[in-house]
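Notes to accompany the following structure.
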Amino acid sequence: MHLLRLFPSLLFALGLTLLPISGQSAPSEPAKAPPKGAPRQPAAAAPAPAATLPSVLLGEPDDLQRVAAAAAGDLTELAVKRGDRVTKGQLLGNLDEEREKFAAEAARIRADDQSALELALSEVELRQAELEEAEEAYRRRKVARTAISKAKAQLEMAKTKEQMARTNQKLAKLEAERQESELERRRFRSPMDGVVISVEKAVGDKIAQGTVVFTVGSGDSVALNLNLPQHLARELESRGGLFVRLKGELETRFARLVSTGPADPATGTVPVKLLTDAPAQEGQPVARPLEYELATPPPLATPAPAPGT
């Protein structure tokens, strides 16, 4: 018995190992390192996920244009509210304008004043008649030739005054236009026929130059702006658009593709714009963002191409 207990220790001292007992596995050999200089084997690439359209598409009134303040001041009037239909050039609101209005009115009065020019014209007529009388008197030998020279000089002086009066009137008109332009800078006007999408400020607010106060859109059509992988953008382009419906409603409408932009080099996505008719809302045009969903299961759901293909 003592010899049996000492047998494994004796084998270990001699550098021998016992064979594995049936049912037990021998320890696995460690993985061998690749020889130096051997090329590394690339790791297996994970399969590319399938790219699909988003389930909810955000639609906004098409052709949004923002109306910003051309000058600084206090907002004194709002002539429209969100949802109002407007025409191009219609007044939306204005800043305080009393000083500019007074200056514009004064400049307009000066520009319309014809008295200086009329006076100059009258003097020209008078000096012309005096010259004719001097020439007639000289022919009758009643005056010396110097009378004619004097009459001519006075006529030229009157013509110069007329020219100055005309120049001053032109300058007055230019000043009136400038003052009218300064007054117009205090006012907000619609850049297009459409609908007021938003009013960002309230009467009494102090407005800095460049601050957006109104947003106007077409109101009759809704734009869906997406950023899609290039292969989905190409597939959508071949289809010409998508069938969508307002979230929570059953009526289906077609959103037609109207434009695609260049791919973003950073993300590889392509900006895509679709247009659909605005839904009727009790006679009111669309003045807020709307949520759309695909009318059928996503028609575009193809695997993204593997890298390098």
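We did not get these values from a lab; they are worked out from the coordinates using the rules stated. Note that the coordinates shown come from a computational prediction; the quantities given were computed from them, not determined experimentally. Don't worry about glycine lacking a Cβ; one is built from the backbone with ideal geometry, like all the others, and counts go over all protein chains shown.
Would you work out if the stretch 170-281 is rounded, prolate or oblate? Take a ≥ b ≥ c from the square roots of the eigenvalues of the alpha-carbon gyration tensor; rounded if a/c is under 1.5, else prolate when a/b is larger than b/c, oblate otherwise. Here the stretch 170-281 falls in the prolate category.
The C-alpha radius of gyration of the stretch 98-185, expressed as a fraction of 2.2 N^0.38 Å, stands at 1.66. In terms of packing, defined here as the mean over residues of other Cβ atoms within 10 angstrom, the peptides 116-125, 179-188 line up highest first as 179-188, 116-125. Per-residue Cβ neighbour counts within 10 Å put Thr160, Thr269 in the sequence Thr160, Thr269, beginning with the fewest. By the rule of a C-alpha distance below 20 Å, with chain neighbours fewer than 8 residues away ignored, the lysines paired with Lys206 are Lys81, Lys101.
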